[in-house]
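Only one structure is covered here, and it is reproduced in the block below.
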Amino acid sequence: MFTGFTRAVTAIVAGSMLMLSGATMATADAASQARHAAAKVQMKHDQLQRALESEDFRTISVRLDQLRPILDSIAGQSGFDSSMDELREARLASAELDAKIEQAELAMLSNPIEMIMGLVQSLLKTLLGLVTSLLGGGLPLPVGVSRT
């Protein structure tokens, strides 16, 4: 009688451990996907910022074209519900910037950067918000720096 009870408890404990380990693996996978997505967005942010600082209109346009599929990919994945507002803002800002780039190209301005500078800066700010949201609300601190 006692042996049957022990077996039942052992089976329940083993089943619970398997369920918990599966949930932990799913959580770790989602966190890994979020970090990967945040790294891609951060990289495009940095590239756009460098292009803006060097006033390289063509590179801004190219980086924007490279950013769009990354944002679409994030939108198509599950598990990023908490980042949807920032993602929506980033997609809208990139579409607005894309339209302004087309206008600047058609206008054949001598310095098209002036026409898009504010939009690029707004997009950069929005991308940082998206990175922060994907990482769970905060950017990682350098080693040795505490939050207090």
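Every number in this text was worked out from the coordinates using simple rules, so none of it is lab data. Every value quoted in this text rests on a predicted model; they were computed, and no experiment measured them. Backbone-built Cβ (ideal geometry, glycine too); neighbour counts: all protein chains shown.
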Practice prompt. Give me the distance in nm between label points sitting 7 Å out from Cα along the Cα-to-Cβ direction at Glu53 and Ser78, one decimal.
Written response: 4.1
Response to the item:
For Glu55, the residues 5 or more places away or on another chain with a placed amide H closer than 5 Å to its own amide H are none
